[in-house]
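Have a look at the structure below before the remarks.
The values are calculated or read from the model by the stated rules, or taken from the named source; none is laboratory data. As the structure is a prediction and not an experimental result, all values here were calculated from the model. For neighbour counting, all protein chains shown are included, and Cβ atoms are generated from backbone atoms with ideal geometry for every residue, glycine included.
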Amino acid sequence: MPDELLRYRPEFPILSSTTYLISNSLGAMPRGVEDALHQYTELWNTRGVRAWEEEWWMLASEVGDQIGVPLNAPRGSVACLQNVTTCQAIVASCLDFSGPRNKVVYTDLNFPSVMYFWEAQRSRGARVEMVPNDDGIHVNTARLLDAIDDKTLIVPISHVIFRSAFIQDIEAIVDKAHRVGAYVLLDSFQATGTLPFDVQKLNVDFCTGGVLKWLYGGPGTAYLYVRPDLAKKLEPTFTGWSGHENPFGFEIGATRYSPTIYRFTQGTPNIPALKVAQPGLKITPKPVSRRSAKSRSGRPRCSSRWPTATAGR
């Protein structure tokens, strides 16, 4: 019986000449990317500044909703940004580390870029606890749960460990964090497109990732999901004109936060990257369920020792 996923091979030209096993670092380019880039240059060339109102301004919202499909994120709950480190910096800018609840708990198997960022928050008053692993592969979940206490403000964790493909017990971590009043920030970069999950069922407060790898979207587009009821309350200090309620008014003084997901954005969006992201997003949601079916049938989802990812953060 032929594999139904084979019909997607023509969508990726490099597969005609290459066995491509490095999507954990950079996904293969969909053939539709060239057309998407041509559409971008054609609109800019023929419409000039009018491109903003005709397409470009709402493109980040449109792509965010497309990214939200495999996450089962509600429409309007996913912001598009440049990379995951920036996404996590925006979340951190919503937090106050000056009080007794100032603890950040993460594991030493997190991706290093976000590790560097959270360690730097010590200068803002954060008390950072890094939970060690035992073997370079698995997170010691019991040890992680023990570290999360009533002084914990946020738990930024990887969904799938980039070094080993170990899948964390997100439900247990969210349950413990929420019981003590802490937020959970889930980095799903290596999970999005490979591991079916539902941000609403997981009840995570924030989720980050990108299209660079398993969503075949190229560099320059990452996502930040914020739980809708929480988004209305947060005021990021890492902000800019695009996060303003009246962005093209260019008002003087303090910002007035947008009531939309744009409140978590800052400056001019990366339009070429957003255009490049779209062809892969039109492909990705369909094969995900099939991959999960293979996993449930007992066939391994992936090796325990994939090559390490090196970009996109």
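What to note about this one:
- Inspection of region 44-54 identifies no residue that is at pLDDT 95 or above, within 22 Å of Y262 (Cα to Cα) and touching a Ser or Thr at 6+ places or on another chain (Cβ under 8 Å).
- Residue match in region 160-172 (condition: more than 22 Å from M130 (Cβ to Cβ) and not β-branched (V, I, T)): yes
- First in region 210-221 and within 10 Å of Q278 (Cα to Cα), second anywhere and polar (S, T, N, Q) and part of a loop (DSSP other than H, G, I, E, B), Cβ under 7 Å, 6 or more apart: V211/T221; L215/T192; L215/T284; Y216/T284
- Any hit, region 236-245, residues being touching a Leu at 6+ places or on another chain (Cβ under 6 Å) and either modelled with pLDDT of 95 or more or closer than 18 Å to D65 by Cα (or both): no
- Scanning region 245-265 for residues that are surrounded by fewer than 20 Cβ atoms within 10 Å (Cβ to Cβ) and either within 29 Å of H178 (Cα to Cα) or in contact (Cβ under 8 Å) with a residue 12 or more places away in the chain (or both) turns up E245, P247, T255, R256, Y257, S258, P259, T260.
- Total residues in region 2-39, condition β-branched (V, I, T), assigned to a loop (DSSP other than H, G, I, E, B) and either closer than 16 Å to G193 by Cα or touching a helix residue (DSSP H, G or I) at 6+ places or on another chain (Cβ under 7 Å) (or both): 1
- Note on region 227-256: among residues that are more than 20 Å from P74 (Cα to Cα) and outside any loop (DSSP other than H, G, I, E, B), the one that is nearest to the chain's Cα centre (by Cα) is S242.
- Residue match in region 91-109 (condition: part of a helix (DSSP H, G or I), under 21 Å from L195 (Cα atoms), among the polar types (S, T, N, Q) and out of contact with any Phe, Trp or Tyr (no Cβ under 6 Å at 6 or more places or on another chain)): no
- Among residues of region 55-78, those that are over 17 Å from G220 (Cα atoms), touching a helix residue (DSSP H, G or I) at 6+ places or on another chain (Cβ under 6 Å) and either in a helix (DSSP H, G or I) or hydroxyl-bearing (S, T, Y) (or both), counted: 4
- All positions within region 72-81 that are at negative phi and either in contact (Cβ under 8 Å) with a residue 40 or more places away in the chain or among the small types (G, A, S) (or both): A73, P74, S77, V78, A79, C80, L81
- Of V63, V84, V69, V104, all but one fail to be within 25 Å of G136 (Cβ to Cβ) and either in contact (Cβ under 8 Å) with a residue 60 or more places away in the chain or not hydrophobic (A, V, I, L, M, F, W, C) (or both); the exception is V84.
- Search result, residues across region 270-285 that are assigned to a loop (DSSP other than H, G, I, E, B) and either buried (at least 22 other Cβ atoms within 10 Å of the Cβ) or in contact with a His (Cβ under 9 Å, 6 or more places away or on another chain) (or both): T284
- Test result for S297, more than 21 Å from I161 (Cα to Cα), of a type in the set (G, A, S) and modelled with pLDDT under 95: yes
- So P156, is it in contact with a helix residue (DSSP H, G or I) (Cβ under 7 Å, 6 or more places away or on another chain), in contact (Cβ under 8 Å) with a residue 12 or more places away in the chain and over 26 Å from A89 (Cβ atoms): no
- Qualifying residue in region 28-38 (condition: of a type in the set (V, I, T) and surrounded by 15 or more Cβ atoms within 10 Å (Cβ to Cβ)): yes
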